[in-house]
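Undergrad: The structure follows.
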Amino acid sequence: MKNFVYTGNPARVIFGQGTVAALPDEADRLKVRRILVLSTPEQADQAAEIAGSLGQRVVASYSKAQMHTPVDVTADAMRSIERHDVDALLSVGGGSTTGLGKAIALRTDLPQIVVPTTYAGSEATPILGETEGGRKVTKSDPRILPEVIVYDVNLTLTLPVPLSVTSGFNAVAHAVEALYAKEANPIISLAAEEGISAIVRAMPRIHANREDIEGRSSALYGAWLCGVCLGSVGMALHHKLCHTLGGMFNLPHAQLHTAMLPHALAYNAPATPVAMERLKRSLTAPDPAKFLYDMAKELGAVMSLRDLGMPEGSIEAAVEQALSNAYWNPRELERSGLHRLLDRAFRGDEPKTE
Ligand code: NAD
């Protein structure tokens, strides 16, 4: 076995059905009495209902969370924090809501209880991507990591099937890149393999029946494991490309990850034989990139960046940006190779290893 370093992020995780009933006990454990409830506008009612069990401990709510955590939204939410003398945050929702809670925690070190309702996995990471003036900047800090995660499978039953599929692929992308990360280690690789197979098992079940409890449990469990991967080791080409394209063209996060993953994986495959063996095992498929592409397509995901909103004639600029900041990748980044990769992803063609 190779030498390795493993650093675990502290976490308290409550998982199951009906687990939001534990919220009052969790608030008491943290000794907090003045909670601000965060959500997107779409999930404001759901968040209010969940927070109901906390009674007087809830002092206010803020329901304007947005994708990519714009700093002006955070500044607006900070006014509620000051006005209501808040001592803890309850985030109910997907990565956008969790992102707002993390942005506030970075500025205040307030404890966070997160109730995730998608498979983005942000709740398990000390990472925050904030957007200002069209640029997304990633920060990592222990204050960003939530104190308690309450996974309640019941809350994911309303997640629309198309978003369930792409959110699941977003999670798989974290685990795939963890398998060939610079800091890859046997503990995180275990979590990655288990996380990928839990999600891949779940997706067809959820696609067939949005309320399939077994499928929903498996997907949420897998999403947590994949989030742990993202929060523990560095990412590479795939996440870098999604970050670049998402920021440049404001493309939808989970959908972009789904369309891009097979291509980034095909690019890195020749340089990552050990990771590929693990992936083949967890997917029970001989060609992981092709398998993920076919599966996403079969489950109705949009596989063309053009159809997701990337403008014609923008590939060269995207390659330029992707190459502009040096970052680690298991395979050297070649301009022409990246260009061909993005060409294929733009059209929604099959992934190809060159
Ligand atoms: P999201 O949080 O934006 O949710 C998408 C939409 O679905 C929202 O309108 C939301 O209210 C709604 N929704 C969520 N759960 C629902 C449910 N169960 N039922 C019905 N509707 C529901 O989407 P996301 O993909 O979870 O998060 C994307 C954001 O998270 C991006 O900003 C991304 O950068 C960030 N992210 C951060 C990390 C990290 O570690 N920092 C990791 C992953 C994603």
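Undergrad: Out of the stretch 156-176, which residues are within 7 Å of the ligand (Cβ to nearest atom) and open to solvent by 10 Å² or more (accessible area, probe 1.4 Å)? I'd like the intermediate steps shown before the answer.
TA: Pass one, the stretch 156-176, residues within 7 Å of the ligand (Cβ to nearest atom): 156, 158-160, 163, 167, 170.
T158, L159, P160, L163 - these are the residues of the stretch 156-176 that are within 7 Å of the ligand (Cβ to nearest atom) and open to solvent by 10 Å² or more (accessible area, probe 1.4 Å).
Undergrad: Continuing with the same structure: Looking only at the stretch 60-72, count every residue that is of a type in the set (A, V, I, L, M, F, W, C) and either open to solvent by 40 Å² or more (accessible area, probe 1.4 Å) or under 24 Å from L159 (Cα atoms) (or both) and tell me the total. Working first, answer last.
TA: At the first step, the residues of the stretch 60-72 found to be of a type in the set (A, V, I, L, M, F, W, C) are 60, 65, 67, 71.
Imposing the further condition that a residue be either open to solvent by 40 Å² or more (accessible area, probe 1.4 Å) or under 24 Å from L159 (Cα atoms) (or both) reduces the set to 65, 67.
Number of matching residues: 2.
Undergrad: Keeping to the stretch 250-278, report how many residues are more than 19 Å from the chain's Cα centre (by Cα) and either in a helix (DSSP H, G or I) or within 14 Å of the ligand (Cβ to nearest atom) (or both). Walk me through how you get there before you give the answer.
TA: Taking the stretch 250-278 as the starting set, the residues that turn out to be more than 19 Å from the chain's Cα centre (by Cα) are 266-278.
Imposing the further condition that a residue be either in a helix (DSSP H, G or I) or within 14 Å of the ligand (Cβ to nearest atom) (or both) reduces the set to 266-271, 273-278.
The qualifying residues number 12.
Undergrad: In the stretch 213-232, is there at least one residue being surrounded by fewer than 23 Cβ atoms within 10 Å (Cβ to Cβ), over 30 Å from G337 (Cα atoms) and in contact with a Leu (Cβ under 9 Å, 6 or more places away or on another chain)?
TA: yes
Undergrad: I need the full set of residues from the stretch 27-47 which are more than 24 Å from the chain's Cα centre (by Cα) and assigned to a helix (DSSP H, G or I), in order please. Before you say what the answer is, go through the steps one by one.
TA: Of the stretch 27-47, the ones more than 24 Å from the chain's Cα centre (by Cα) are 27-35.
A27, D28, R29, L30 - these are the residues of the stretch 27-47 that are more than 24 Å from the chain's Cα centre (by Cα) and assigned to a helix (DSSP H, G or I).
Undergrad: Then there is this: It is to be established whether one or more residues within the stretch 120-142 are open to solvent by less than 10 Å² (accessible area, probe 1.4 Å) and more than 16 Å from G222 (Cα to Cα).
TA: The answer is yes; a qualifying residue exists.
Undergrad: Take I104 and decide whether it is closer than 19 Å to V71 by Cβ, within 10 Å of the ligand (Cβ to nearest atom) and touching a strand residue (DSSP E or B) at 6+ places or on another chain (Cβ under 8 Å). Even if it seems obvious, please write down each step before you answer.
TA: Details: closer than 19 Å to V71 by Cβ: yes; within 10 Å of the ligand (Cβ to nearest atom): no; touching a strand residue (DSSP E or B) at 6+ places or on another chain (Cβ under 8 Å): yes.
No; evaluated as a whole, the condition is false for this residue.
Undergrad: Now, a different point. Is the stretch 62-76 home to any residue that is more than 16 Å from the ligand (Cβ to nearest atom) and among the acidic types (D, E)?
TA: In the first step, residues of the stretch 62-76 are kept if they are more than 16 Å from the ligand (Cβ to nearest atom); the result is 75-76.
The next check asks that each one be among the acidic types (D, E); those that pass are 76.
Within the stretch 62-76, one or more residues are more than 16 Å from the ligand (Cβ to nearest atom) and among the acidic types (D, E).
Undergrad: Can you report the number of residues in the stretch 73-97 which are open to solvent by 10 Å² or more (accessible area, probe 1.4 Å) and without any contact (Cβ under 8 Å) to a residue 60 or more places away in the chain?
TA: Qualifying residue count for the region: 14.
Undergrad: Tell me which of these N268 doesn't satisfy, since it passes every other one: (1) buried (at least 21 other Cβ atoms within 10 Å of the Cβ); (2) closer than 22 Å to M203 by Cα.
TA: (2)
Undergrad: Further question: Have a look at G337, G300 and point out the one that is modelled with pLDDT of 95 or more, part of a helix (DSSP H, G or I) and surrounded by fewer than 16 Cβ atoms within 10 Å (Cβ to Cβ). So that I can check it myself, show each step before the final result.
TA: On the way: G300 fails: part of a helix (DSSP H, G or I).
Of G337, G300, the one residue that is modelled with pLDDT of 95 or more, part of a helix (DSSP H, G or I) and surrounded by fewer than 16 Cβ atoms within 10 Å (Cβ to Cβ) is G337.
Undergrad: State yes or no: is Y180 open to solvent by less than 20 Å² (accessible area, probe 1.4 Å), outside the structural domain of L283 (by TED's automatic domain parsing) and modelled with pLDDT of 95 or more? Full working, then the answer.
TA: Numbers: open to solvent by less than 20 Å² (accessible area, probe 1.4 Å): yes; outside the structural domain of L283 (by TED's automatic domain parsing): no; modelled with pLDDT of 95 or more: yes.
Answer is no for this residue.
The values are calculated or read from the model by the stated rules, or taken from the named source; none is laboratory data. None of these values were measured; they are calculated from a predicted model. Cβ sites come from the backbone with ideal geometry, for glycine too, and all protein chains shown count toward neighbours. Accessible surface areas use protein heavy atoms only, side chains included; no ligands, DNA or RNA. Shrake-Rupley method; radii C 1.70, N 1.55, O 1.52, S 1.80 Å.
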